[in-house]
Amino acid sequence: MDKVLQFERRTKPVDPGGPGPGDDGDGGPARPKVERPDTRDLLRRMRRVDPNQARRYRQRTGE
Amino acid sequence: MWCAQCRFAPGESGAPQGMAWCDMTRLFGIETEYGITIDEVDKVDVVEESMQLIRCYQQGAFVPLWDYRLENPRRDERGFEVKNLLNDADEKVHLQQDRKRKIPFKELKSDLIIYNGSRFYNDHTHPEYSTGECTSLFELVAQDKAGERIVDICAQRRTEMLDQGVVRMYKNNTDFEGHSYGCHENYLMDRSVPFERILQGLLLFFPTRQIFCGAGKVGVEREDRAPIYQLSQRAEFFEVIASVDTMHKRPVVNTRDEPHADAAQYRRLHVIVGDANMSEYITALKVGSTALVIDLIEAGCLPDYQLKDPIAAMKNIARDQSYAWLVEVEGPGHRLIPAVEIQDAFLALARREFAGRDRETDWVLSAWEDVIEKLRRDPMDLVGVCDWVTKKWLIDSFCEAEDLAWDNPDDLFWMQSQDLEYSNVDRDAGLYYLLESQGQMVRLVGDDEVAAAMSEPPSGTRAYFRGRSLEKFGDYVSSINWDRIVFKRNGRQHAVDMKLLVDEERVVRYNEVLDRSETLESFLEALDKVERRP
């Protein structure tokens, strides 16, 4: 299967009281089964991140 | 009154058998300080920018309502009050400069209460969003995510106001240069529990829970600055076992004593040791498992372990590249056990004591077990679930594709930039949100629920009373705090003390009165009757 097709999946919220994604069908709470995603789109996006963003990111200590 | 999760009223036909409520019974909430920056601006004045960002939430002029007289962060749970809270040396210099600012204190803080019962304000150097009190984990997740959306919208508005640059907001805990800011959890708990027992439980639980709720971080920013991947953003900032301070010599157990409830009956456990989580699943598991551990502490039922050095354990677990997470426990000889075993021991006790109590407790027990199993077998099975695992997977993939080296400082900065972008709350830019949009992150709430939580308070708690009071009778509110609202009408003040609004029956009565009342007069009169009712 073309890995890109995996990106067609949409996020679905879990019904906290009922079966969730990856649930084994026993009616119990959600047990997540998440496939490791294809990386092509991700890497394309990550290459656009400014390499110096963290170098410039300066905060002050908070509570 | 409806349960927000199962949509049934207690006892109603069709409601879950033997479980009156889906949600847990303890009050809890999350406070998040956000990092702020502006692209193309070299030196951002974070104090000024945090204030401006908060003010972007509202349309009209800011009216300061927050009552600071009821706050005292210097009071210690152990029965004393410190003179001053400690600041690090760097911050002391900044504070001296801040004193020269011409902006009045209340204006600078820009403290807002939102109709959803949350507090949104400038915590001096960071915009902070504190959710209203919840008893449902899933409502809490929605409220926490609502905070992200609100912060993001304010950033967009602020960007539109600026001549140059884009305001970016990060739900993280570090600037990689030794400055850390918090994501604090609050849990209401029984005052009668001896503080020593609280310490005993939390000093075992907190250092080890980061194996599933750490947010992950590229690099070490104190001490040796080792170029490694850490489980937690905050672990390396903790230096003492217990204290009231939160900015310097941070404690594993914070002893701030501000119950915002009847102090004779309750403590508010103020947890500063956690990371800010993007993962909905981990936010729920972090708070849910901690709430169950507090249940165990109250019940006097704890695993038979004691960490020899909880601070060292915390740092070692965060830095352990083998993921064996061995910690030294007290006892004869040199005894090392995996942190997973300690979490498993807590889980076993919680299961024995609380299984079947309500549906959210059962969800926590199941999720906790599942995560522990995967951590034991292969942590990378938790991509899309745990923040630290997902981020590590992203960084590793990027390093491999770009042939980056951990010992090359320039490469390390690029990795840290990716780390930062994971927590960018802009849903079109953040790496977490890219994964979420691709269906790769497990979710617990829908976008519609998050959107609703931006204006709807959590059900069944005093957050509803606070938010709705402001919405209905805001013109008459002269001051507000977590536990008190003062209304002013015809020159007379009417204070409503909400300290007792942690009792479920009383909350129901107060909220019903509020919903029924058309005018402030009828509202205050009805409240008075409720209070006088036997």
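The values are calculated or read from the model by the stated rules, or taken from the named source; none is laboratory data. Not measured: the values here are computed from a predicted model. In this analysis, Cβ positions are derived from the backbone assuming ideal geometry, glycine residues included, and neighbour counts consider all displayed protein chains. The area values use the complete protein model at the heavy-atom level, side chains included, leaving out ligands, DNA and RNA. Shrake-Rupley method; radii C 1.70, N 1.55, O 1.52, S 1.80 Å.
Of the residues making up region B:48-87, those that are open to solvent by 50 Å² or more (accessible area, probe 1.4 Å) and part of a strand (DSSP E or B) number 3. In region B:339-366, the residues that are more than 17 Å from residue B:211 (Cα to Cα) and free of Cβ contacts under 8 Å to residues at least 40 places away in the same chain reach residues that are open to solvent by less than 10 Å² (accessible area, probe 1.4 Å) and in a helix (DSSP H, G or I) with C-beta atoms within less than 8 angstrom, at least six apart or across chains, in these pairs: B:351/B:365; B:355/B:361; B:355/B:365.
The number of residues in region B:433-469 being in contact with a Phe, Trp or Tyr (Cβ under 6 Å, 6 or more places away or on another chain) and away from chain A (no Cβ under 11 Å) comes to 4.
If you check B:411, B:426, which single one turns out to be at the interface with chain A (Cβ under 9 Å from one of its Cβ atoms) and either surrounded by fewer than 24 Cβ atoms within 10 Å (Cβ to Cβ) or in a helix (DSSP H, G or I) (or both)?
Working: B:426 fails: at the interface with chain A (Cβ under 9 Å from one of its Cβ atoms).
It is B:411.
Conditions tested, residue by residue: (1) among the basic types (Lys, Arg); (2) open to solvent by 40 Å² or more (accessible area, probe 1.4 Å).
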{"residue": "B:308", "(1), (2)": "yes, yes"}
{"residue": "B:318", "(1), (2)": "no, no"}
{"residue": "B:322", "(1), (2)": "no, yes"}
{"residue": "B:328", "(1), (2)": "no, yes"}
{"residue": "B:349", "(1), (2)": "no, no"}
{"residue": "B:357", "(1), (2)": "yes, yes"}
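Counting only strands (runs of 3 or more DSSP E) wholly contained in region B:456-497, the ones carrying 2 or more residues that are in contact (Cβ under 8 Å) with a residue 40 or more places away in the chain occupy B:477-481, B:484-489.
Select from region B:177-187 the residues that are touching a Phe, Trp or Tyr at 6+ places or on another chain (Cβ under 7 Å) and at the interface with another protein chain (Cβ under 10 Å from one of its Cβ atoms) and list them in ascending order. It would help to see each step written out before you state the result.
Of the residues in region B:177-187, the ones touching a Phe, Trp or Tyr at 6+ places or on another chain (Cβ under 7 Å) are B:180, B:185-187.
The answer is B:180, and nothing else.
Filter region B:27-47 down to the residues that are assigned to a loop (DSSP other than H, G, I, E, B) and crowded, with 21+ Cβ neighbours inside 10 Å and list them by number. B:27, B:34, listed by residue number. For region B:118-141, a residue qualifies if it is over 19 Å from residue B:170 (Cβ atoms) and open to solvent by 10 Å² or more (accessible area, probe 1.4 Å), and the qualifying residues are B:119, B:133, B:135, B:139. Residues that are outside any helix (DSSP H, G or I) and charged (D, E, K, R) were ranked within region B:119-143; the one that is farthest from the other protein chains (Cβ to nearest Cβ) is B:133.
Could you check region B:89-106 and list, in sequence order, the residues that are free of Cβ contacts under 8 Å to residues at least 60 places away in the same chain and open to solvent by 60 Å² or more (accessible area, probe 1.4 Å)? Result: B:89, B:92, B:93, B:96, B:97, B:99, B:100, B:101, B:102, B:104, B:105, B:106. At least 2 residues being closer than 30 Å to residue B:436 by Cβ and within 9 Å of chain A (Cβ to nearest Cβ) is the threshold, and among the helices (runs of 4 or more DSSP H) wholly inside region B:319-404 those reaching it are B:359-377, B:387-402.
Looking at region B:383-423 only, could you name the residues that are among the polar types (S, T, N, Q), touching a Ser or Thr at 6+ places or on another chain (Cβ under 8 Å) and within 15 Å of residue B:230 (Cα to Cα)?
Taking region B:383-423 and keeping what is among the polar types (S, T, N, Q), we get B:390, B:397, B:408, B:416-418, B:423.
Checking the rest, the ones that are also touching a Ser or Thr at 6+ places or on another chain (Cβ under 8 Å) come to B:390, B:397.
Answer for region B:383-423, where residues must be among the polar types (S, T, N, Q), touching a Ser or Thr at 6+ places or on another chain (Cβ under 8 Å) and within 15 Å of residue B:230 (Cα to Cα): just B:390.
The condition (being open to solvent by 30 Å² or more (accessible area, probe 1.4 Å), modelled with pLDDT of 95 or more and either among the small types (Gly, Ala, Ser) or under 24 Å from the mean Cα position of the chain (by Cα) (or both)) is satisfied by just one residue among B:421, B:456: B:456. Has region B:31-49 got any residue that is within 25 Å of residue B:169 (Cα to Cα), more than 14 Å from chain A (Cβ to nearest Cβ) and modelled with pLDDT of 95 or more? No, every residue in region B:31-49 fails to be within 25 Å of residue B:169 (Cα to Cα), more than 14 Å from chain A (Cβ to nearest Cβ) and modelled with pLDDT of 95 or more. For region B:193-202, the criterion of a residue being in contact with a helix residue (DSSP H, G or I) (Cβ under 7 Å, 6 or more places away or on another chain) and either within 23 Å of residue B:388 (Cβ to Cβ) or free of Cβ contacts under 8 Å to residues at least 24 places away in the same chain (or both) is satisfied by no position. For region B:195-235, the set of residues classified as closer than 21 Å to residue B:182 by Cβ and modelled with pLDDT under 95 consists of B:222, B:223, listed by residue number.
Please verify whether region B:154-167 includes one or more residues that are polar (S, T, N, Q), open to solvent by less than 40 Å² (accessible area, probe 1.4 Å) and over 21 Å from the mean Cα position of the chain (by Cα). Within region B:154-167, one or more residues are polar (S, T, N, Q), open to solvent by less than 40 Å² (accessible area, probe 1.4 Å) and over 21 Å from the mean Cα position of the chain (by Cα). Among the residues examined, residue B:221 does not qualify as within 14 Å of another protein chain (Cβ to nearest Cβ), over 16 Å from the mean Cα position of the chain (by Cα), farther than 13 Å from residue B:319 by Cβ and surrounded by fewer than 22 Cβ atoms within 10 Å (Cβ to Cβ). Does residue B:344 fit the bill of being open to solvent by 40 Å² or more (accessible area, probe 1.4 Å) and under 14 Å from residue B:365 (Cα atoms)? For residue B:344, the condition - open to solvent by 40 Å² or more (accessible area, probe 1.4 Å) and under 14 Å from residue B:365 (Cα atoms) - is met. Kindly evaluate residue B:284 against the criterion of being buried (at least 23 other Cβ atoms within 10 Å of the Cβ), in a helix (DSSP H, G or I) and of a type in the set (A, V, I, L, M). Taking the combined requirement at face value, the residue satisfies it.
In contact with a strand residue (DSSP E or B) (Cβ under 9 Å, 6 or more places away or on another chain) and either under 19 Å from residue B:525 (Cβ atoms) or surrounded by 23 or more Cβ atoms within 10 Å (Cβ to Cβ) (or both): which single residue out of B:497, B:483, B:475 fits that description? Before you say what the answer is, go through the steps one by one.
Details: B:483 fails: either under 19 Å from residue B:525 (Cβ atoms) or surrounded by 23 or more Cβ atoms within 10 Å (Cβ to Cβ) (or both); B:475 fails: in contact with a strand residue (DSSP E or B) (Cβ under 9 Å, 6 or more places away or on another chain).
Unique residue meeting the criteria: B:497.
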